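The values are calculated or read from the model by the stated rules, or taken from the named source; none is laboratory data. Worth saying up front: this structure is predicted, and the values here are computed from it rather than measured. Because the Cβ atoms are built from the backbone with ideal geometry, glycine has one as well, and the counts that use them run over all protein chains shown.
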Amino acid sequence: MSQRTLCDLTLFWSRLMARCRGLRGNSGQALIETAVVFAFLAMPILAGTAQIGLFVYYSIEVTNSATAGAMYGMQSSAFAEPSNYPSLIAAARADAPDFSGVSLTVTPTTYWACSTDVAGTQYATKPQADAACTGGTNHTLPFIKVVTSATVTPIIHCPGLPSSFPLSGSSVQEVLP
């Protein structure tokens with residue numbers, strides 16, 4: 001080897017060793033801390049967010065099933081009759097495919113109200129409503145109300161939180177003549 005090549009090689013190694021000595025500090029510690037924080041904080045937060053998203057989805061499904069049942073019953077007075085409640089319940093349950101037929105409770109109710117005070121008194125029978133709704137333009141209006149409820153068990157159980165959460169939905173529709 002020539003004197004120049006040996007000198008260049010020595011210079012190269014001395015510079016490389018100087019750089020390596022500079023890396024002996026705590027510059028990699030931040031990366032390790034970030035990994036530990038991510039493992040202990042970010043993953044549980046991500047799992048909790050997924051669980052809340054699932055609860056929101058189930059809540060929407062329970063509410064939509066109540067709306068589907070009410071929409072079925074509002075088609076005509078024949079569909080809103082108590083004798084047709086099994087079909088109405090089947091329509092509501094069909095709109096909630098993620099719940100088995102047992103876990104989703106559907107409660108339909110038909111009632112009548114006066115046209116001048118729809119949000120007022122609810123009458124169980126049409127004759128009661130006809131007797132109460134008198135005067136000028138006041139007349140009776142039939143309504144169907146469907147209330148749905150279900151209990152959801154979380155996938156991830158956390159100490160201090162309940163083991164199940166009740167969800168409910170409700171929908172009221174005026175029955176078409």
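Of all residues in segment 123-139, those satisfying the criterion of being surrounded by 13 or more Cβ atoms within 10 Å (Cβ to Cβ) and under 16 Å from residue 109 (Cβ atoms) are 123, 126, 128, 129.
Evaluated against (1) surrounded by 18 or more Cβ atoms within 10 Å (Cβ to Cβ); (2) free of Cβ contacts under 8 Å to residues at least 24 places away in the same chain, residue 87 falls short on exactly one condition, (1).
For segment 147-162, the set of residues classified as under 24 Å from residue 106 (Cβ atoms) and either touching a residue at least 24 places away in the same chain (Cβ under 8 Å) or of a type in the set (S, T, N, Q) (or both) consists of 147, 148, 149, 150, 151, 152, 153, 154, listed by residue number. In this entry, residue 144 is excluded by the filter for residues that are loosely packed, with under 13 Cβ neighbours inside 10 Å and in contact (Cβ under 8 Å) with a residue 60 or more places away in the chain. Considering segment 121-177 alone, what residues qualify as being assigned to a helix (DSSP H, G or I) and small (Gly, Ala, Ser)? Across segment 121-177, the qualifying residues are 129, 131, 132.
What tally of residues in segment 57-106 results from selecting those that are of a type in the set (A, V, I, L, M, F, W, C) and farther than 19 Å from residue 165 by Cα? Walk me through how you get there before you give the answer.
If we filter segment 57-106 for residues that are of a type in the set (A, V, I, L, M, F, W, C), which is where we start, we get 60, 62, 66, 68, 70-71, 74, 78-80, 88-92, 94, 96, 99, 102, 104, 106.
In the following step, the residues that additionally are farther than 19 Å from residue 165 by Cα were identified as 68, 70-71, 74, 78-80, 88-92, 94.
Of the residues in segment 57-106, 13 are of a type in the set (A, V, I, L, M, F, W, C) and farther than 19 Å from residue 165 by Cα.
Kindly evaluate residue 129 against the criterion of being within 13 Å of residue 171 (Cβ to Cβ) and touching a Ser or Thr at 6+ places or on another chain (Cβ under 6 Å). Before you say what the answer is, go through the steps one by one.
Details: within 13 Å of residue 171 (Cβ to Cβ): no; touching a Ser or Thr at 6+ places or on another chain (Cβ under 6 Å): yes.
Taking the combined requirement at face value, the residue does not satisfy it.
For residue 133, the conditions (1) modelled with pLDDT of 90 or more; (2) farther than 19 Å from residue 63 by Cα all hold with the exception of (1).
Can you tell me which residue among 83, 2, 77 is more than 29 Å from the chain's Cα centre (by Cα), over 23 Å from residue 168 (Cα atoms) and modelled with pLDDT under 80?
On the way: 83 fails: modelled with pLDDT under 80; 77 fails: modelled with pLDDT under 80.
The unique qualifying residue is 2.
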